[in-house]
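Structure first, commentary second.
The values are calculated or read from the model by the stated rules, or taken from the named source; none is laboratory data. What you are looking at is a predicted structure, and each value in this text was computed from that prediction instead of being measured. Methodologically, a virtual Cβ is constructed for each residue, glycine included, from the backbone with ideal geometry; neighbour enumeration extends over all protein chains shown. Areas reflect the complete protein model, heavy atoms only, side chains present, ligands, DNA and RNA absent. Shrake-Rupley method; radii C 1.70, N 1.55, O 1.52, S 1.80 Å.
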Amino acid sequence: MTRPTAPFVCHGCGARVDAAEALPFRCPNAGADDVDHLLLPVDVEPVFPPDREDNPYLRYRHLLSPYRLARSAGLSDDAWTEFVGRLDEKLADIDGTGFRVTPMAVQPELAQAVGFGGALWVKNETGNVSGSHKARHLMGVMLYLRVIAAARLPVGDGLAHRRLAIASCGNAALAAAVIARAADWPLDVFIPPDASAAVVSRLKELGAKISVCTRQGGEAGDPCFLRFRAAVQAGAIPFGVQGTENGLAVEGARTLAFEMAEGFASAKLSPEAVFVQVGGGALASALGQGFALAAAAGLIVKPPRLVAVQTAGCAPLDRAWRKMADIRPAEAGQHRSRFMWPWESVPHSIAHGILDDETYDWLEIVKAMQQTGGCSRVVDEDTLARAYELGQQVTGIPVSATGSAGLAGLIADPSLGGPAAVVFSGVDR
Ligand SMILES: Cc1ncc(COP(=O)(O)O)c(C=O)c1O
């Protein structure tokens, strides 16, 4: 048997963490300096096997570090299929659906309605587990936890007695609660006082323990996030969707880009650009990484231009992007605080899911934007409202204002000639 291994490397300081031996959550050097720390899996040569599995965690298993760890630790392909299958059955019981490749189609009427001349792809995540793409991030983390337990790797010792923790009051919290429940793992959710009553009630129904977080005098940054960090320091497992807190979180959502790339490849029509709504940044980061892998595998000719869309009320990524000018991401990553800091004012928007006061995963996004010739767009509330209304009315997809915010970026500037794609990332609640 080979030595179990699943290497991760910090994109800021270069620290190496092998997920077979240490938990690849926060970079061990994070917090000590002004470097942007994020553990990224060391990818192997990407191959898209002609696998017709409908579950993305089976279909793309060779592209996932927890699967590679499982195999190198002596677990069989069948064992992986069983972890995925068992969780999937539970997910279907709890939430009505397990993970399946989600639908994507060209929407000519929507393109016409928004005044866009090219073909417009819409990837529909509203029917995904828990109603958004967020569950993809967390399934990647849970599969890692399953693998280290089943392979009895010492790195997993005592983990079963540690609670999961997340700071969120929306789609990420719901995704975490559904997956935690499927895995029968206790979860703490840190929410603000104004969290939606419907979301809180569903979280409670799913068995999550709720902590309401208020701002303590003089505190900078999101109080929920600060409480989450304190819980993790006290032993909780970071089960959120920020890559900086858990290096596995972003990887699970690369499956979204893989599915899209396969769809483009089979239609022989690749988009020139993908417009993505950005809050904490894990979604755009995952798409950037996933499309790069799909291009490296020859599935698509080149990764589409990544266009990051934020609201005028809260645009820390756009602020960083404009400061970058021609500075290379590797250099910017050595001086995080010059580019990324908490948004100073309290923002409001109908797209409330993208009001994170920091774009935690900013550096991988700016890297992908530079590499693909992409850019940043900031949209106003009227444009967000238009995208929300047209997104629902023209396609019939019950998308939320947050989930259609990428479309607002296209509406703001439809001058781009080639085909484009957007992700309707979450259901209207
Ligand atoms: C439906 C939906 N789309 C997109 C996002 C933004 O994702 P990220 O925070 O990874 O940028 C969110 C975040 O809450 C969301 O709920």
Scanning region 250-296 residue by residue, the ones that are within 20 Å of R59 (Cβ to Cβ), within 9 Å of the ligand (Cβ to nearest atom) and among the small types (G, A, S) total 2
Extreme residue, surrounded by the most Cβ atoms within 10 Å (Cβ to Cβ), among residues of region 120-138 that are within 9 Å of the ligand (Cβ to nearest atom) and farther than 12 Å from D428 by Cα: K134
Extreme residue, farthest from W343 (Cα to Cα), among residues of region 212-222 that are of a type outside the set (S, T, N, Q) and either open to solvent by 20 Å² or more (accessible area, probe 1.4 Å) or at pLDDT below 90 (or both): V212
Consider region 380-405. How many of its residues are in contact with a Gly (Cβ under 6 Å, 6 or more places away or on another chain) and over 15 Å from A111 (Cα atoms)? 4
Condition check for E358: within 15 Å of the ligand (Cβ to nearest atom) and part of a helix (DSSP H, G or I): no
Please work out which residue is surrounded by the fewest Cβ atoms within 10 Å (Cβ to Cβ), limiting yourself to region 383-419 and to residues that are within 16 Å of the ligand (Cβ to nearest atom) and β-branched (V, I, T). T395
Given the condition away from the ligand (no atom under 16 Å from the Cβ) and open to solvent by 10 Å² or more (accessible area, probe 1.4 Å), answer yes or no: does some residue in region 169-182 qualify? yes
Of the conditions (1) open to solvent by 10 Å² or more (accessible area, probe 1.4 Å); (2) within 18 Å of V9 (Cβ to Cβ); (3) not in a loop (DSSP other than H, G, I, E, B), T244 satisfies every one except a single condition; which number is it? (3)
How about region 236-269: which of its residues are within 11 Å of F291 (Cα to Cα) and polar (S, T, N, Q)? T255
For the structure I just gave you, tell me whether E364 is open to solvent by less than 30 Å² (accessible area, probe 1.4 Å), of a type outside the set (A, V, I, L, M), under 14 Å from H37 (Cα atoms) and at pLDDT 95 or above. yes
Let me spell it out: the conditions are (1) without any contact (Cβ under 8 Å) to a residue 24 or more places away in the chain; (2) part of a loop (DSSP other than H, G, I, E, B), and T81 meets all of them except one. Which number is the exception? (2)
Residues satisfying the stated conditions in region 309-328, i.e. within 15 Å of D357 (Cβ to Cβ) and either buried (at least 22 other Cβ atoms within 10 Å of the Cβ) or more than 20 Å from the chain's Cα centre (by Cα) (or both): Q310, T311, A312, G313, C314, A315, P316, L317, R319, A320
Would you confirm whether any residue within region 193-200 is open to solvent by 60 Å² or more (accessible area, probe 1.4 Å), within 16 Å of the ligand (Cβ to nearest atom) and more than 21 Å from the chain's Cα centre (by Cα)? yes
Hits in region 329-355 - residues which are within 16 Å of the ligand (Cβ to nearest atom), part of a loop (DSSP other than H, G, I, E, B) and open to solvent by less than 80 Å² (accessible area, probe 1.4 Å): M340, P342, W343, P347, S349, I350, A351, L355
Would you mind telling me which numbered condition in (1) closer than 16 Å to I148 by Cβ; (2) in a loop (DSSP other than H, G, I, E, B) A30 fails? (1)
Since P49 meets every condition but one in (1) under 30 Å from K204 (Cβ atoms); (2) assigned to a loop (DSSP other than H, G, I, E, B); (3) open to solvent by less than 60 Å² (accessible area, probe 1.4 Å); (4) not β-branched (V, I, T), which condition does it not meet? (1)
Can you find a residue in region 248-260 that is at pLDDT 95 or above, under 22 Å from the mean Cα position of the chain (by Cα) and over 23 Å from A19 (Cβ atoms)? yes
